[in-house]
Amino acid sequence: MSTQTMEAGWTRAASIDEMTEGEVTAVHVNGTPVALYQVDGALYATHDICTHEHAHLSDGYLEGCEIECPLHQGRFDIRTGKATCRPVTETLRVYPVRIVGKDVFIRTGAPPHGAAE
Ligand code: FES
């Protein structure tokens with residue numbers, strides 16, 4: 001793998017060995033709470049705090065590519081951050097993910113998906 005993942009803005013978030021298929025892993029990246037997901041071998045990263053109230057999505061229930069908030073059962077698509085079930089209506093921030101060897105990098109400074117909302 002090339003060193004392109006070491007560009008400015010990319011930060012190591014975890015080792016792939018810390019992640020489990022079908023589960024959520026909570027990490028902090030540059031002080032930002034981030035939820036990492038592994039679904040069907042693909043990795044995704046979102047902000048870990050629900051857009052409805054203050055709840056950690058990493059404590060929620062992952063079903064396919066949807067994370068259900070543990071507090072009021074709102075749901076988000078972890079690929080896009082789109083709210084898919086009330087009471088959440090505001091898009092969740094998602095972060096680009098790259099893997100270098102066994103290291104998982106994310107870019108927290110990237111513009112969020114659905115930023116136009
Ligand atoms: S805090 Fe997540 S749905 Fe209310």
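Rule-based calculations on the coordinates, nothing more; no lab input. Since the model is a prediction, treat every value here as computed from it, not as a measurement.
So what is log10(I(q)/I(0)) for the chain at q = 0.12, 0.17, 0.20 1/Å, when the Debye sum runs over its Cα atoms only?
With one equal scatterer per Cα and no solvent, log10 I(q)/I(0) is -0.38, -0.76, -1.04.
Pulled fully out, how much extra length does the chain show between Asn30 and Thr84, if you take 0.36 nm times their separation in residues and subtract their Cα-Cα distance?
Additional length available on full extension: 16.6 nm.
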